[in-house]
1. Can you give the alpha-carbon Rg of the range 1-45 over 2.2 N^0.38 Å, where N counts its residues?
2. Neighbour counts of other C-beta atoms within 10 Å: give me 3, 21 arranged from fewest to most.
3. Starting from the Cα of residue 37, step 7 Å along the direction of its Cβ; do the same at residue 4; then give the gap between the two resulting points in nm.
Amino acid sequence: MKDLVQCRKLEAKFRQLAVSDPARRFLWLAEVEKWEREAEAEIASHFEARNAVRTTVAIEPTTIKSSARS
């Protein structure tokens, strides 16, 4: 989750630049959007990995029980 923190820091930095540099506001806001997407992708990746582990753990006991009955 370090990457998520880094993405959020960059997002905040570019938001500040958008406020302090109105002439290039659209450039900075485009960077904000980029880092928002990166943060969302990082969160999704984290939960996909976590759900994959849960699914594997949930399936294994059932497989072991089925084998024990045979």
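1. Expressed relative to 2.2 N^0.38 Å, the Cα Rg reads 1.17.
2. Going from sparsest to densest Cβ surroundings: 21, 3.
3. 2.1 nm
No value in this document is a laboratory result; all are computed from the given coordinates. All of these numbers come straight from a predicted model, not from anything done at the bench. Don't worry about glycine lacking a Cβ; one is built from the backbone with ideal geometry, like all the others, and counts go over all protein chains shown.
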